[in-house]
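Notes follow the structure.
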Amino acid sequence: MGRFTRFLAGGAKLPGMPQARHVAERAVAPYLRDDLAATLEELRQTRLDLQAQIEDLQRRTTELAEANARVERHQPTVLNAISTANGASRLVRRELGQQISELAELIRAVGASAGEIGPAVLAEMIPHIETIGWLLRRVETVRAETLFELRYGRDEAITDEDAVSQPPLTRANGPIRLNLGCGHLPIEGYLNVDMRPLPGVDVVSSVDKLPAEAGSVTEIFSAHLLEHFPEEKLRRQLLPYWWSLLEPGGRFRAVVPDSDAMLAAYGAGTIGFQELRRIIFGDQEYEGDFHFNAFTPRSLAELLDKTGFVDIRIVEAGRLNGECLEAEIEATRPLLRDA
């Protein structure tokens with residue numbers, strides 16, 4: 001044993017070692033190569049799986065970012081719609097509750113003395129019935145505005161490119177009578193115009209870029225539109241533009257809140273401050289429900305006179321329309337010899 005140890009310590013080689021190593025390599029190497037190849041394949045597959053997971057995470061991250069952007073974009077609309085619904089609900093509850101109480105009193109009075117006060121009760125009921133009708137129309141308008149904003153958002157208004165692309169209106173089907181800013185309340189017999197493609201809208205256009213040629217329009221009508229524009233925009237741009245679209249002798253009609261009547265009613269205590277504030281500044285329940293101007297019949301008549309209209313006539317003043325006391329005014333573009 002000691003001699004064998006000294007033999008190894010001296011660096012001597014055992015007889016047949018190269019042959020033994022060769023035999024071992026021949027016997028073991030194929031298995032090692034197979035194991036290494038399998039390991040490399042597993043690593044390659046693991047890398048592919050990790051790459052796929054990274055791509056999936058990137059895709060999900062992009063989708064989440066897009067979803068977040070959509071939420072942020074539509075959040076004002078949703079909040080505005082919720083505010084609209086809440087405001088409408090409060091208005092309906094308050095007004096209908098008051099009307100129901102008053103009608104109940106009238107019913108009791110009728111029951112007490114139907115023969116004596118029947119006509120008087122009927123006369124008292126008519127304004128309440130009209131107010132309830134206005135409330136129902138108001139609720140329908142708010143409902144339609146809410147659903148429209150929830151479905152389409154606030155970016156559905158027509159663009160300048162869209163306005164330019166529309167063909168000009170012609171008289172092929174008769175005189176051109178425009179109802180500007182009709183919203184959800186189109187009028188039969190008119191071409192109803194609004195910036196949004198709402199049900200009943202015939203012409204989708206802004207009111208300052210109408211697809212109509214100068215001197216081609218027979219009548220321009222608007223209801224509760226003028227108060228949505230600042231005074232200078234009306235005086236310098238809109239009224240002269242509408243005047244130019246009318247044919248000689250063409251008619252301009254507008255309905256606006258009557259500030260004279262509203263302030264007088266507030267001073268007399270027949271309407272409250274909240275009603276006055278809502279009419280002057282708008283209900284502000286949805287986009288586009290804000291007022292930037294106020295008129296008296298006289299102030300609007302003077303504005304139309306300065307624009308060049310003639311035959312200015314106040315059709316109605318202090319007319320009740322729901323909570324609003326409104327005025328209606330009409331004027332004419334002069335004939336060529338009078339222009």
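Given the convex hull of the Cα atoms of the stretch 189-248, what is a quarter of its surface area in nm²? Write down the numbers at each step before the final one.
Numbers: hull surface 17.6 nm².
Taking a quarter of the hull surface, the average projection is 4.4 nm².
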Legend entry - Where the stretch 263-302 is the region considered: accessible area per residue in Å², 1.4 Å probe: 56 Å²
Legend entry - Carbon and sulfur %, accessible surface of the stretch 188-339 computed with the full protein complex present, 1.4 Å: 54 percent
Legend entry - Inter-part distance where the stretch 278-319 and the stretch 168-236 are each reduced to a Cα centre, Å: 17 Å
Legend entry - 5 angstrom amide H check on GLU213, placed H, neighbours 5+ away: LEU169
Inset, instruction - Compute from the Cα atoms of the stretch 185-314 the Rg and the Dmax, the latter being the longest Cα-Cα distance, and quote both in angstrom. - result: 15.8, 48
Inset, instruction - Can you tell me the order of 323-330, 236-243 when each peptide is scored by its average per-residue count of other Cβ atoms within 10 angstrom, highest first? - result: 323-330, 236-243
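The values are calculated or read from the model by the stated rules, or taken from the named source; none is laboratory data. Because the structure is a prediction, the values reported are computed rather than measured. With ideal geometry, Cβ positions are generated from the backbone for all residues, glycine too; neighbour counts draw on all protein chains shown. Surface accessibility is based on the protein's heavy atoms, side chains included, excluding ligands, DNA and RNA. Shrake-Rupley method; radii C 1.70, N 1.55, O 1.52, S 1.80 Å.
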